[in-house]
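So the structure is just underneath, and the comments pick up after that.
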Amino acid sequence: MQRRTLLTGTALGVAGAALGLTRPAEAGAELVAVLGVTVIDASGGARRGQTVLVQGQRILDAGPARRVAVPQGATIIDGVGKFLIPGLADMHTHAVGIDDTDPELYVLNGVTTTRQMSGGPLARSWQQQIAAGARLGPQWSIGSRIIDGSPSLWDGLDGDGSVHLAVANPAEARAAVRQEHAAGAEFIKTYTRLTRDSFLAVAAECRRLGLPFLGHVPDFVQLTEASDRGLRTVEHLFEVWYDTSSEEDRLRAAVAAVPVGSGEYNGWFNRMHPIEYAAARTYDRRKADKVFRRVARNGTYFTPTLVLHETNDQPERIDRHDPRHRYFSADMIGYWDWALDNLYLPGRTPAQVVQSKELFRRRLALTADLAAAGVPLLAGTDLGTTYLMPGFSLHDELHQLVRAGLEPLQALGAATLNPARYLGRRDAGVITRGAVADLVLLDADPLHDIRNTTRINSVFVRGELINPARRHRMLAELEARAQQPKPPAAAPVVFRGCPC
Ligand SMILES: [Zn+2]
């Protein structure tokens with residue numbers, strides 16, 4: 001990942017409020033009725049001719065028109081020819097304060113839930129502004145800082161240590177878990193260079209505190225062992241190649257022998273690449289199936305973050321002129337382009353281009369194998385990576401999941417029902433009576449073509465309606481804001497290739 005320095009994030013703090021993106025006063029318990037709509041959720045599939053009533057933050061009722069009466073005085077939305085899906089979740093984000101417009105861009109794109117993977121004050125300040133009604137945005141599940149081994153790949157890269165904690169032994173690992181728990185983390189994020197002993201200490205301390213732990217499987221731990229110990233979610237398709245390789249022992253020895261210095265992300269990533277490629281090429285489907293069934297039995301989720309991998313594996317395919325870039329400042333786009341020209345593209349040989357293209361194709365196939373073995377998948381982007389865009393990129397991830405071989409309804413489930421289950425929410429990710437009114441009304445059928453999730457007509461954010469007029473107004477405002485000149489930012493600290 002090319003990460004913008006995390007120092008910029010807090011400085012951008014509360015700028016959104018000054019630019020007219022604030023919410024209007026609470027409209028009270030207005031009742032909205034969507035009539036004649038096709039309801040689609042991952043628990044019930046598609047149901048045509050439905051009436052959905054929204055009042056306050058909840059779905060008052062949802063069902064066939066003949067059963068659900070429309071109360072007098074309801075605001076009517078004609079849903080004939082339209083499709084209503086639950087609000088989407090991006091389950092792997094980093095609040096890096098791209099332009100301090102992430103919260104609004106998420107919900108305008110129908111993303112009403114996010115999971116913040118590296119703690120941090122910026123996500124907390126957004127969460128507070130949203131909870132106070134000062135801004136419209138998703139609900140955030142905010143984890144700990146990244147807990148890595150020592151030396152850490154992150155040493156020095158996050159300046160003040162706002163993103164990571166390096167632990168040298170099990171005692172430090174337990175202390176780090178307690179510290180992050182006390183600071184309000186909803187879960188603990190484990191990282192690549194934790195020793196096995198420290199990782200087991202994190203697992204034990206989390207179990208004692210009743211705190212989920214998830215993230216990267218460290219280089220020194222098998223995926224199956226991590227899953228057996230209770231790892232809730234595996235982020236990215238990266239370490240998974242070793243447990244599923246017919247050459248596991250040899251390649252694990254190679255991984256363990258990779259030298260790592262403090263903050264030496266680039267070097268580590270470059271030295272890991274050929275080992276990862278060798279592991280992917282020796283992927284053993286029968287072995288993988290056993291591993292995946294065990295992981296599924298343990299209830300461990302996978303977040304493939306295919307859009308992150310596509311960016312890393314196929315930088316040649318990045319579109320510098322994506323029309324969606326109009327919602328981002330020239331400063332941000334300039335930084336992305338700089339990273340592409342200076343970090344991603346230089347030195348790539350034709351052979352490497354071919355190899356990494358093959359690697360990405362293998363990641364798609366592996367995603368299909370995970371799903372076929374019953375491993376629950378979460379849709380997540382790794383926002384914070386160069387060229388990934390709040391909200392927009394989640395739709396790209398859904399498209400990649402379908403490219404990988406999932407049915408469109410399975411892909412939708414990875415962004416709706418599965419995140420709700422992971423979060424322990426029975427009242428989310430479904431369109432039923434009493435569920436939270438996070439909803440996206442689409443002008444075209446996402447089961448016909450998953451790319452139709454971008455054909456957004458309206459969004460309900462915990463009951464608050466963003467109708468087409470309001471949505472277009474807000475998008476225009478964000479676009480105008482992105483064009484305003486900004487004071488020059490501090491030189492970014494960057495490194496390449498991180499799934500983080
Ligand atoms: Zn990440």
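We did not get these values from a lab; they are worked out from the coordinates using the rules stated. Quick caveat: nothing in here was measured; it's all calculated off a predicted structure. So basically every Cβ, Gly included, is an ideal-geometry build from the backbone, and we count neighbours across all protein chains shown.
Tell me the relative contact order for the chain as a rounded percent, counting alpha carbon contacts under 8 Å between residues six or more apart.
Values: 1051 pairs, mean separation 109.5, N = 500.
Relative contact order of the chain: 22 percent.
Computed from point charges on the beta carbon alone (+1 for Lys and Arg, -1 for Asp and Glu), the dipole magnitude for the chain about its Cα centre is near 1060 Debye. Computed over the Cα atoms of the stretch 253-347, pair by distinct pair, the Kirkwood hydrodynamic radius stands at 16.8 angstrom.
First check a/c for the stretch 38-162, with a ≥ b ≥ c the square roots of the eigenvalues of its C-alpha gyration tensor; if it is under 1.5, answer rounded, and if not, answer prolate when a/b is larger than b/c or oblate otherwise.
Working: a/c = 3.55, a/b = 2.47, b/c = 1.44.
It is prolate, given that a/c is not under 1.5 and a/b is the larger ratio.
For the stretch 363-500, a/c is not less than 1.5, where a ≥ b ≥ c are the root eigenvalues of the C-alpha gyration tensor, and a/b does not top b/c. That puts it in the oblate class.
Each residue of the stretch 56-63 is assigned a 3J(HN,Hα), and the resulting list reads x, 9, 10, 7, 5, 6, 8, x Hz, derived from the Karplus form 6.51 cos²θ - 1.76 cosθ + 1.60 (θ = phi - 60°), x at Gly and Pro. The mean of 1/r over all pairs of different alpha-carbon atoms in the chain, once inverted, gives a Kirkwood hydrodynamic radius of 23.1 Å. Hey, what D do you get for the stretch 141-254 in µm²/s if you plug the Kirkwood alpha-carbon radius into Stokes-Einstein at 20 °C and 1.002 mPa s? Result for D is 152 µm²/s. Across the alpha-carbon atoms of the stretch 79-120, the computed radius of gyration and Dmax are 12.9, 43 angstrom.
Give me Rg/Rg_expected for the stretch 129-174, where Rg uses Cα atoms only and Rg_expected = 2.2 N^0.38 Å with N residues.
1.62
For the stretch 153-209, report the % of Cα-Cα distances exceeding 12 Å. Here the tail beyond 12 Å accounts for 64 percent of pairs.
Name the shape class, rounded, prolate or oblate, that the alpha-carbon gyration tensor gives for the stretch 189-253, where a ≥ b ≥ c are the square roots of its eigenvalues, rounded holds for a/c under 1.5, and otherwise prolate holds if a/b is larger than b/c and oblate otherwise. Working shown, then result.
Values: a/c = 2.29, a/b = 1.88, b/c = 1.22.
Cα axes put the stretch 189-253 in the prolate bin.
Mean 1/r over all different Cα pairs, inverted: what Kirkwood radius does the stretch 357-397 give, in Å?
Details: mean 1/r = 0.0856 Å⁻¹.
11.7 Å is the Kirkwood radius here.
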